[in-house]
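Okay, so here's the structure we're looking at.
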Amino acid sequence: MKVFVTGATGFVGSAVVDELLANGHEVLGLARSDRGAAEIEKRGARVHRGDLERPETLRAGAEAADAVIHTGFVHDFTRFAEVCAVDRVAIETLGSVVEGTGKPLVVTTGLAALDAAGRLATEEDQAFPPSLDYPRASDAAAQALLERGIAAELMRLPPSVHGAGDHGFVPMLIGIARRKGCSAYIGEGANRWPAVHRDDAARLYRLVVENGASGGTWHANAEEGVAFRKIAEAIGEGLGLPCVSLSDHEAEAHFEGFYGFATMDQAASSEITRSRLGWTPTGPDLISDIGRSGYFG
């Protein structure tokens, strides 16, 4: 199977490329720059030059493939609403290509924005609609494709996809702890983050593509919820800094723009995903991985 992968040079996307190639698939990876093209070629994949902000290049890549995996996102948080709109257009464009073809289209969304009212979220739960506070529309765009009869697959990633080379939320917390001189959590630190190792997530993307276009929703979390206090303690230990509890007011000043993520509490189940696809995560858990995957180098 030839699979078109957006975000092919990213932390998750590059692992997906490796997983697909290792299992006999051909990969066409989206590259915006010469450097990205060289990285994709080095992995053994073919290069498709293009850009998430140029929908016509996405269309051409999807037309040339048997399946599409969309892991790309423009990580420019200075214009977050704008890049969320770019992502929505990208998903709509890819969906229009696969419509009526039977080609699988996997759209990357998140577990953090599910409307589960404090309980364990499942694959059957819906996401909150995009808003001015959080305009990311990946889940909503994929749902819109489903309403049009396009069997898009929703791949919901947890807040922490961890492993060597991670540049996501845990490294951001490490940076805050270094700047502030302590690692912190809020109150008792009982709020929970689901987590998965990047290799386990990559394997799930492959299984979803091989399963065919089903219009399914998939939860890519190995751990249902890791207490934020445990994460903060692991960071404090790794940096040799004290780990402290903060009040809400103190936490706003400590975490600054990261405060909303630091308060996030969204435990989630992946039992439906595991039973339907036979997915069994085997990678290290988040706390173990923080201590051994180069997070403090």
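Where a number appears in this text, it was derived from the coordinates with a stated rule and is not lab data. What you see is a predicted model, and the numbers here were worked out from it, not measured in a lab. Cβ coordinates were reconstructed from backbone atoms using ideal geometry, including for glycine residues, and neighbour counts include every protein chain displayed.
Data overview
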| read-out | value |
| --- | --- |
| Mean separation of Cα contacts under 8 Å (6+ apart) over length of the chain, as relative contact order % | 18 percent |
| For the stretch 129-190: relative contact order, % (alpha-carbon pairs under 8 angstrom, 6 or more apart) | 14 percent |
| Cα-based equivalent ellipsoid of the chain: semi-axis lengths in Å, sorted from largest, via gyration tensor | 32, 20, 19 |
| Point-charge dipole on Cβ atoms (K/R +1, D/E -1) for the chain, about Cα centre, debye to 20 | 620 debye |
| Gain on full stretching of the segment that runs from GLU63 to PHE296 - 0.36 nm per residue minus C-alpha separation | 79.7 nm |
| For the chain, calculated [θ]222 nm from helices alone, where every DSSP H run of n ≥ 4 adds -39500 (n - 2.57) | -12000 deg cm²/dmol |
| Derived scalar couplings ³J(HN,Hα) [the stretch 125-137; Karplus, 6.51 cos²θ - 1.76 cosθ + 1.60; whole Hz; x for Gly, Pro] | 6, 9, 7, 4, x, x, 9, 4, 6, 9, x, 4, 10 |
| The stretch 119-225: radius of gyration over Cα atoms, expressed as a fraction of 2.2 N^0.38 Å | 1.26 |
| Cα-based convex hull volume of the stretch 173-297 per residue, rounded to whole Å³ | 110 Å³ |
| Between 0 and 90°, nearest 10: helix 80-98 axis offset from the chain longest Cα axis | 30 degrees |
| Global size of the stretch 1-47 as Cα Rg and Dmax, reported in angstrom | 9.1, 27 |
| Antiparallel bridges, percent of DSSP beta bridges restricted to the chain (to nearest 5) | 10 percent |
| Centroid-to-centroid separation of the stretch 121-192 and the stretch 1-71 [C-alpha atoms, Å] | 23 Å |
| Under-5 Å amide H pairs with TYR295, H placed in peptide plane, nonlocal only | none |
| Efficiency of FRET from Cβ geometry, GLU271 and GLU237, R₀ 51 Å, rounded to 0.05 | 0.95 |
| Qualifying GluC sites (Glu not before Pro) in the stretch 164-265, DSSP loop, other Cβ atoms within 10 Å at most 13 | GLU188 |
| Overall form of the stretch 76-116 per C-alpha gyration tensor (a/c, 1.5; a/b vs b/c) | oblate |
| Fluctuation leader among GLY50, GLY216, GLY165 - the chain, Gaussian network, Cα springs under 10 angstrom | GLY165 |
| Per residue convex hull volume, Cα atoms of the stretch 51-161, in Å³ | 111 Å³ |
